[in-house]
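Following: one structure in structure tokens, then a few remarks.
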Amino acid sequence: MACLLEAPLRISVLSEVTATSRHYVDRLFDPDPQKVLQGVIDMKNAVIGNNKQKANLIVLGAVPRLLYLLQQSSSSLELRTECAVVLGSLAMGTENNIKSLVDCHIIPALLQGLLCPDLIFIEGCLRCLRTVFISPVTPVQLLYTDPTVIPHLMSLLSRSHRTQEYITQIFSHCCKTPEHQTVLFNHGAIQNIAPLLISSSYKVRMQALKCFSVLAYENTPVSLTLVTVLVDGELLSQVFVRMMQRDQPIEMQLTAAKCLTYMCRAGAIRTDDSCIVLKTLPCLVRMCSKEHLLEERVEGAETLAYLMEPDVELQRIASTTDHLVAMLADYFKYPSSVSAITDIKRLDHDLKHAHELRQAAFKLYASLGSNDEDIRKKITETDNMMDRIVSGLSESSIKVRLAAVRCLHSLSRSVQQLRTSFHDHAVWKPLMKLLQNAPDEVLVMASSTLCNLLLEFSPSKEPILESGVIELLCSLTQSESPALRVNGIWALMNMAFQADQKVKVEIVRCLGTEQLFRLLSDPDTNVLMKTLGLLRNLLSTRPHIDQIMSSHGKQIMQAVTLILEAEHSIEVKEQTLCILANIADGNTAKELIMTNDDMLQKIKYYMGHSNVKLQLAATFCISNLIWNEEDGSQERQDKLREMGFVDILHKLTQASDPNLSDRAKTAMQQYLA
């Protein structure tokens, strides 16, 4: 049966099917093999560069017949090879052509063809496979379905320059996941492909290089192997360094820089290694300059952003190399004003890349400014940069919005920027708008930025509070994404810090006690820690402590008990004991501890714990309970003396940790006063 295109296309294409196209297909069924061969050759000549003809032939069922002839052992080698060439030509048409070919099971048929010993036929099959696999509509998993395919492809690498070029290109396009990297690695990809880096063919060298870049990406085992590989007596990293020299084609320089970047990020090369600092970083900065094509500038900036993301020293070096910060401002000048562009193709090209350029610039600014205060200042003082970021937050392209908010997040780590640029440009307004309706990845970054804008010293905190943000943040805490739950609760924690009672009451009301306690049993430790931080901030200053404990005391004490009894980290237990110490500081709230002997025994246990942090927090709690100047202190002191707390305090005054012994001495003085 003929392999047909989707319905909408079928109608339009069928209406244009010509008698000639039918004639080509009919000849494939001729009983005379010689006529069939001539028919295939004529078809090959007819489809070159003619997409309409390709679509017609596919609709008329040429593909299943060509595949049948290709697979028949009775077909001559010449016929089988010509069939592979025509199929390769059909694959060079539209994405719909590729879909039709894949639906007709072209991939298994061509892979089977690779078992034939004839090199010309193998090259024809590989060329067609390459064209099919580099299309975004082809499921790459089809390369890995049969476990014998990868080792067989490895064995064909030595046959010719063409097999080397096509196979490495197939590998680099079909290596999309860590599992794919592992399969290729385990079948000897590194040993088999490394010698190709010094091939006499540029195309082979280039495809081999691309292969290494996808194999090394975020893969430590592969990267650690790559640094030990020798190619003709030279270390692979040095081969990559040579490929980055200015006299090499730009594509090669960029891909070699990517290989070294990925090896560095995977931990196989140190960030202070000369091949990174003196070669890779300057090469990538160079790619950002005006003299390069827009797509090269995008790739250069994105790779550079990735290289230096975790390393402050590389960020500092990059920021002072070739005026990079100012150079990136040029990325926002596309498309140029229409009047200046007479060439419509150029305008189309600029428009196509304008989004990518802005996205790359924002990413690189985010990476540059993630640690150093001076660099952040340099960025915000560049050419209307804050205005550009603000307008980036409302761009139509989701990728640009994400990159802009990443940049904003990076700059929001600066106290100075929060107090100046962020306030002057009312950044919180577009940020709040972005939070209303955005995909999760944008929400995570936007809510992280909001956490910083809600810090005590940020002038944006007040207007954000007045904009009704509490409900939005409470809804984030109910998200299925742990990162969004963390950010929602973190922002509430920052908001509750030294807040007035009205804000705290509104947080508790809006969040609801059920949700608060659900968060206290969240499987994600970060969520739990931030929820404890929120509770600690809510329970600060006596009137607030007493008010919250009078209405929610029972549940809070229950939650504290559960956390102290469960298997949790030292940090979680320390934060919980600090909450208890805050409760102990309340006027009426402290009775919830004093009337709970089980809780007092827990405090006693933690005072004798092997971890100093927990001892300190527990001692602080007792200190607040026995403080002299407060009503009922005598009765509380007496009860705690009977329970053996004075003996423990006495012991702790001799503790080797000075903070702990001081805290214990301060508590003991309450008894002596």
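Sorting the Cα pairs of the stretch 336-473 by distance into bins of 5 Å, from 0 upward, gives 2, 10, 20, 21, 19, 12, 7, 5, 3, 1, 0 percent per bin. Each part gets one Cα centre, and for the stretch 418-445 versus the stretch 37-51 those centres are 57 Å apart. In the stretch 56-146, the portion of solvent-accessible area held by carbon and sulfur atoms comes to 55 percent [1.4 Å probe, whole percent, DNA, RNA and ligands not counted].
The apolar share of the surface of the stretch 430-585, taken as the fraction of accessible area on carbon and sulfur atoms (1.4 Å probe, ligands and nucleic acids excluded), comes to 51 percent.
Most tightly packed first, judged by the mean number of other beta-carbon atoms within 10 Å of their residues, the peptides 448-454, 96-102 read 448-454, 96-102.
Working from label points 7 Å from Cα in the Cα-to-Cβ sense, the Asp657 to Arg316 distance is 3.3 nm. Pairs spanning more than 19 Å between alpha-carbon atoms, out of Lys530/Lys573; Lys99/Lys203; Lys210/Lys258; Lys290/Lys399; Lys604/Lys651: Lys99/Lys203; Lys290/Lys399. In order along the stretch 158-165, the phi-based Karplus estimate (6.51 cos²θ - 1.76 cosθ + 1.60, θ = phi - 60°) of 3J(HN,Hα) comes to 7, 5, 6, 4, 5, 4, 5, 5 Hz; Gly and Pro are listed as x.
Run down the aspartates and glutamates and flag those whose C-alpha is under 15 Å from the C-alpha of Lys352, throwing out any fewer than 8 positions away in its chain. Correct list for Lys352: Glu295, Glu296, Glu299, Asp343, Glu395. Peptides 580-593, 517-530 ordered by packing proxy, namely the average of other Cβ atoms within 10 Å per residue, highest first: 580-593, 517-530.
Surface composition of the stretch 313-406: carbon plus sulfur atoms contribute 50% of the solvent-accessible area (1.4 Å probe, protein chains only, all chains present). Given the C-alpha centroids of the stretch 72-113 and the stretch 169-222, what is the distance between them in whole angstrom? What the calculation gives is 25 Å, centre to centre.
The residue list Met244, Tyr262, Val285 was ranked by how far each Cα lies along the charge dipole of the stretch 228-305 toward its positive end, using unit charges on Cβ atoms, and Val285 comes out on top.
Summing Cβ point charges (Lys, Arg +1; Asp, Glu -1) relative to the Cα centre of the stretch 538-673 gives a dipole of roughly 180 debye.
A 1.4 Å probe, protein heavy atoms only, puts the accessible area of Asp146 near 70 Å². Taking all protein chains as they are arranged and a probe of 1.4 Å, the heavy atoms of Phe457 leave approximately 80 Å² accessible to solvent. Think of the chain as a dipole: +1 on every Lys or Arg Cβ, -1 on every Asp or Glu Cβ, centred on the Cα centre; then among Ile545, Leu511, Pro335, Pro335 lies furthest on the positive end. Packing here is the average count of other Cβ atoms within 10 Å per residue, and on that basis the peptides 87-93, 505-511, 568-574, highest first, run 87-93, 505-511, 568-574. Each of His292, His105 has its accessible area taken with a 1.4 Å probe; listed largest first, they run His105, His292. The mean sequence separation of alpha-carbon pairs under 8 Å and at least six residues apart, normalised by the residue count of the chain, gives a relative contact order of 5 percent. With both labels modelled 7 Å from their Cα along Cα-to-Cβ, the Asn587 to Gln141 distance reads 6.7 nm.
When every Cα-Cα distance of the stretch 89-130 is counted in 10 angstrom steps from zero, the calculated P(r) takes the values 30, 53, 17, 1 percent. Placing unit charges on each Cβ (+1 for Lys and Arg, -1 for Asp and Glu) gives the stretch 444-546 a dipole about its Cα centre, and among Thr525, Trp490, Ala446 the Cα reaching farthest toward its positive end belongs to Thr525. Each principal axis of the Cα cloud of the stretch 40-124 was evaluated for its coordinate range; sorted largest first, these ranges are 34, 25, 19 Å. The alpha-carbon positions of the stretch 384-440 define a convex hull whose volume is 75 Å³ per residue.
In sequence order, the stretch 591-606 has phi-based couplings of 5, 5, 8, 4, 8, 10, 4, 4, 5, 4, 5, 5, 4, 4, 4, 6 Hz under the Karplus curve 6.51 cos²θ - 1.76 cosθ + 1.60, θ = phi - 60°, and Gly or Pro positions carry x. Rounded to whole numbers, the Karplus 3J(HN,Hα) couplings from phi for the stretch 27-41 are 5, 5, 9, 5, x, 8, x, 5, 5, 4, 4, 5, x, 5, 5 Hz, using 6.51 cos²θ - 1.76 cosθ + 1.60 with θ = phi - 60°, and x at Gly and Pro. In summary, the lysines within cross-link reach of Lys35, defined as a Cα separation below 18 angstrom excluding same-chain residues under 8 places away, comprise Lys44.
So how far, in whole Å, is the C-alpha centre of the stretch 607-664 from the one of the stretch 495-539? So the separation of the two Cα centres works out to 28 Å. The modelled label-to-label distance for the pair Arg246/Ser199, using points 7 Å beyond Cα in the direction of Cβ, is 3.0 nm. When you filter the trypsin sites (Lys or Arg not before Pro) in the stretch 284-326 for DSSP loop state and at most 15 other Cβ atoms inside 10 Å of their Cβ, you are left with Lys290. Give me the percent of Cα-Cα pairs in the stretch 49-197 that sit more than 22 Å apart, rounded to a whole number. Distances greater than 22 Å cover 38 percent of the Cα pairs. Rounded to the nearest 0.05, the FRET efficiency derived from the C-beta distance between Ser521 and Glu471 at R0 = 25 Å is 0.65. The length gained by stretching the chain between Ser155 and Gln558 to full extension, at 0.36 nm per residue less their Cα-Cα distance, is 138.5 nm. Principal axis analysis of the Cα atoms in the stretch 283-329 yields extents of 29, 18, 17 Å, listed in decreasing size.
Averaged per residue, the chain has 44 square angstrom of accessible surface, using a 1.4 angstrom probe with ligands and nucleic acids left out.
Listed by chain and number, the aspartates and glutamates whose C-alpha is less than 19 Å from the C-alpha of Lys554, apart from same-chain residues fewer than 8 away, are Glu514, Asp546, Glu565, Asp585, Glu591, Asp597, Asp598. For the stretch 89-221, a simple Cβ point-charge model (Lys and Arg +1, Asp and Glu -1, everything else neutral) yields a dipole of about 340 debye relative to the Cα centre. For Asn437 and Leu119, a Förster radius of 56 Å and the Cβ-Cβ distance give a FRET efficiency of 0.45, rounded to the nearest 0.05. Placing unit charges on the Cβ atoms only, positive for Lys and Arg and negative for Asp and Glu, gives the chain a dipole magnitude near 1140 debye about its Cα centre. A probe of 1.4 angstrom, applied to the heavy atoms of all protein chains, finds Thr177 with accessible area near 40 square angstrom. Expressed as a fraction of 2.2 N^0.38 Å, the C-alpha radius of gyration for the chain is 1.30.
The values are calculated or read from the model by the stated rules, or taken from the named source; none is laboratory data. What you are looking at is a predicted structure, and each value in this text was computed from that prediction instead of being measured. Glycine gets a Cβ as well: all are built from the backbone with ideal geometry, and neighbour counts include every protein chain shown. Ligands, DNA and RNA are stripped out before the accessible areas are found, and what is left, the full protein with its side chains, is counted by its heavy atoms. Shrake-Rupley method; radii C 1.70, N 1.55, O 1.52, S 1.80 Å.
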